[in-house]
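Remarks on the structure that follows.
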Amino acid sequence: MPFKKRAYLFVFITFLSSTLMAQMEVVTPEILPAPSSIIKSKGNFVLNSSTGIIYDDEFEVSANFLKNYIENGSAIQLQKNNSIQFLKDENILSPEGYKLEISPKHIKISANSDQGAFYAVQTLRQLLPETFENSTFKDKSILIQCLTIIDEPQFTYRGMHLDVARHFFSIEFIKKYIDALAMLKMNTFHWHLTDDQGWRIEIKKYPKLQNIAAFRKETLIGHYNSDPQKYDGKPYGDFYTQEQIKDLVAYAKTRHVTIIPEIEMPGHAQAAISAYPKLGCSGDQIDVATKWGVFEDIFCPKESTFEFLENVLDEVLLLFPSKYIHIGGDEAPKTKWKNCTQCQELIKKEGLQDEHELQNYFITRIEKYLNNKGRQIIGWDEILEGGLAPNATVMSWRGTQGAVEAAKKNHQVIMTPTSHSYFDYYQSDNDSEPLAIGGFLPLEKVYGFNPIPKELTEEKSNYILGAQGNLWTEYIADEQQVEYMAFPRMIAMSEVVWSKPNNKNYANFVLRLEHFHKRLEALDINYANHLYEVEGNLKPEGYELTTLTKNKTIKFTTDGSEPNLNSKIYSKPITIIQNTILKAAVFNSERKLGATFEQSINYHKAFGKKVTLNIEPNKAYYGSGAQGLVNGISGSDSRYGDKEWLGFWGDDLEITIDLGEEKAIQWIKTRFYNATGQWIYAPSKVEVTFDDGRTFPILEEPNPNKSIKNVRIWTNIKSRFLKFHIKNYGIIPDGQQGAGQKAWTFIDEISIK
Ligand code: ACM
Ligand code: ZN
């Protein structure tokens, strides 16, 4: 039956005998993201083949979605009658808000716009069994619990990003990704289409973007920090045709998702320059990049480059109706501009101070072009350097300072700080995780994100439009892995941006997520499951083990053996008085559920002693705070964002340890993270001062793992206080990733024998 608008007919609800009703499944409301309010009431609505949908033209997208969802998902064929009604309600002030009322007689969806109604439908969807998702619901009827849900989003911008330049993903997959966004009431897909390693959007005027810039000779294998770097020797590339893009944009519209394309400039332009070398400063022929990172060949701001970019943008604007166009702006090293006569002449002619102001000139010029076409730009927070283009929206990624600065200048901001939004980071500190770029961003940290920086007044916080999860794909080569990294962190982010702060509760979220796993499975989404892992923390009363989900038991061993059903049950913190290897896992009554947790605890002379710092760790990389430096636990070799590493951005450190009484010291050692690709550098100098006032350098010890620098000093000194002086590396040199930025220092355990 084709689905016509204004399908009216009258209600014939089949009367089911109560025995039949009793056999039917009732789904309890466990909605993700959490709605503003749910009030359950008595009874159930019976959805079956005599149910119909009634709606006005205005609600066409939502009503169609619902009809297709039910009819494709089950054997239920909707009739033309009015038991599910879409109603216009101008009193619902949020354009994305809705009221969903389910009573035994009818389902009423009230909204002020189709988008609001669409979100009501997504909620209703979660009240139906997950078997609707993959058309395995075979019954002819389903009971839906009566209730009233009133709901609206916390933020207007609710997004997910996907980088298709480093790795390419099919249009079919992008549709699946957009479907998932929409199910979670997200409304924006940020499509990162161009970068050094590939240009992925067809531009008819410039065929070499398709023939040359879309392909690279080969790709780095393993991690960027591996030494030596290795390549796979296989050509790689692809691009989206304009026809595919039009189809995708139309598809996204049926999910109320706006696609914001990103065309990177002036940096991350190596692929475009390889196709048209004159776009660069030197005009030299270069190749599409084959490894990750930041490259010096960026667009030269000459007239012919602007003409190229404007022509490209003209075609982009025809494909994407979005209000915003993302123009990149991040990580543009100025080396080539410094040595280019044309750039230097332009700086003089325009009366600019330096290359940063030249970048501002570049971005402002593009902004003007797009503003004249009725569009607004978004740029990464580097667009704040050298002055901000007058109408730009800032996407704050290097922490939240960019957000604060932009909002204080009355510019709109979208929050995507690495600390809470980079889903390419590791999500578990389990060694069995697939290779990732680095960092550590577990689910709970995403969930705990507050997009409003503390520094902002209430008035200025109105400039924060919302937040987004970013998925950079250097280390994500296939669609299964995109899903693994995106889920469930995207779900946590959906609640960050949709739900009211007072409706958020991590323990409750975890329960709903555990229940939601079945739906993700029905949708064939390859989510990561770290809910059944053990977490450990050293507390004054001993070593505490916790796990997230209910009705499970933690069992542990301290003799190095693998925990099994017969191992000791954890009931209270474990006292540590010697070196200990603790292994633990979560069990139900039949079997072990998650991965084994393993923790070596090194009992040394400074264990649990008092530590003072001259400066607090950066709040995004707080580790376990100062006491984490002497908790006997070493940070991960691959996750500098874990609970042990303390991160400091650009500052010199003074760390004092009070051993409580004078002690003979044989040696002192500590370690620093060293991942230059992530702007993390071991300090330039480490020294220690003892009670007698003498100061000695602490020197590097050989270590085959180049991402960790170990330092140690051998002594025969007695001292109560140890004062460490740790000098930050300084400014990152030219030619390195993050050149010109302050380097980070990451330190973890200080152990003393
Ligand atoms: C970025 O991660 N370079 C925006
Ligand atoms: Zn130049």
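We did not get these values from a lab; they are worked out from the coordinates using the rules stated. Worth saying up front: this structure is predicted, and the values here are computed from it rather than measured. Counting neighbours? That spans all protein chains shown, and the Cβs are built from the backbone with ideal geometry, glycine included.
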Q. Can you tell me how many residues in segment 262-301 are surrounded by fewer than 22 Cβ atoms within 10 Å (Cβ to Cβ), within 16 Å of ligand 2 (Cβ to nearest atom) and of a type in the set (Val, Ile, Thr)?
A. 1
Q: Filter the strands (runs of 3 or more DSSP E) completely within segment 67-182 down to those with at least 1 residues that are within 21 Å of Leu520 (Cα to Cα).
A: 141-151, 157-163
Q. Taking Gln468, is it surrounded by fewer than 17 Cβ atoms within 10 Å (Cβ to Cβ) and either over 22 Å from Ala585 (Cα atoms) or of a type in the set (Lys, Arg) (or both)?
A. no
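Residue-by-condition table, conditions (1) in a helix (DSSP H, G or I); (2) touching an Asp or Glu at 6+ places or on another chain (Cβ under 6 Å); (3) among the charged types (D, E, K, R):
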position	(1), (2), (3)
Cys300	no, no, no
Tyr369	yes, yes, no
Ile377	no, yes, no
Ala389	no, yes, no
Q. Across segment 450-483, what is the total count of residues that are assigned to a loop (DSSP other than H, G, I, E, B) and within 16 Å of ligand 1 (Cβ to nearest atom)?
A. 6
Q) Considering segment 316-362 alone, what residues qualify as being within 16 Å of ligand 1 (Cβ to nearest atom) and either free of Cβ contacts under 8 Å to residues at least 60 places away in the same chain or surrounded by fewer than 20 Cβ atoms within 10 Å (Cβ to Cβ) (or both)? A) Asp330
Q: Starting from segment 379-394, take each residue that is more than 19 Å from Ala467 (Cα to Cα) and list its partners that are of a type in the set (Asp, Glu) and more than 16 Å from ligand 2 (Cβ to nearest atom), counting only C-beta distances under 6 angstrom and pairs at least six apart or across chains.
A: Ala389/Glu367
Q) Can you tell me which residues in segment 689-736 are among the hydroxyl-bearing types (Ser, Thr, Tyr) and closer than 30 Å to Gly438 by Cα? A) Ser707, Tyr729
Q: Return the total of residues in segment 275-304 being away from ligand 1 (no atom under 16 Å from the Cβ) and out of contact with any strand residue (DSSP E or B) (no Cβ under 9 Å at 6 or more places or on another chain).
A: 17
Q: Collect the residues in segment 243-261 that are closer than 22 Å to Gly159 by Cα and either over 27 Å from the mean Cα position of the chain (by Cα) or within 14 Å of ligand 2 (Cβ to nearest atom) (or both), keeping them in residue-number order.
A: none
Q: May I ask you to list the residues in segment 210-223 that are surrounded by fewer than 19 Cβ atoms within 10 Å (Cβ to Cβ) and within 30 Å of Asn674 (Cα to Cα)?
A: Lys217, Glu218, Ile221, Gly222
Q. Among the residues of segment 485-537 satisfying the criterion of being surrounded by fewer than 20 Cβ atoms within 10 Å (Cβ to Cβ) and of a type in the set (D, E, K, R), which is nearest to Leu128 (Cα to Cα)?
A. Lys518
Q) Asp642 fails exactly one of the following numbered conditions: (1) part of a loop (DSSP other than H, G, I, E, B); (2) over 25 Å from the mean Cα position of the chain (by Cα). What is the number of that condition? A) (2)
